[in-house]
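Working notes, beginning with the structure itself.
What follows is calculated from the coordinates using simple rules that are stated; it is not laboratory data. Worth saying up front: this structure is predicted, and the values here are computed from it rather than measured. Every residue, glycine among them, receives a Cβ derived from its backbone with ideal geometry; neighbour counts consider all protein chains shown.
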């Protein structure tokens, strides 16, 4: 496996996990228990990982000769919970 593909898989996994933590842990802490500081920390990490995912997906398009359709699917999956896991399984084998 190429190092850049492995790096993208790691970023993809971390981005998906950070999104799930943001939605499943940090947001309930903010709105149910009035603890907004976790949203700030997790949100910043997720934002950085999200941008890295988008850049990595663009790089994968060039490296793996993805079609524009596959790139758009990978971008759309970035905003869905569990979406990056789908991209990993479907397009990075």
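Of note:
- The chain: relative contact order in percent, alpha carbon pairs under 8 Å with at least 6 residues between: 34 percent
- Across the chain, Cα-Cα pairs farther apart than 15 Å form 58% of the total.
- FRET E, pair residue 69, residue 93, Förster distance 25 Å, beta-carbon r, rounded to 0.05: 0.90
- Stretching the chain fully between residue 7 and residue 48 yields a gain of 13.3 nm (0.36 nm per residue, less the alpha carbon separation).
- Inter-site label distance for residue 31 and residue 17 at 7 Å from Cα along Cβ, in nm: 2.5 nm
- Span from the region 75-93 Cα centroid across to the region 1-68 one, whole angstrom: 11 Å
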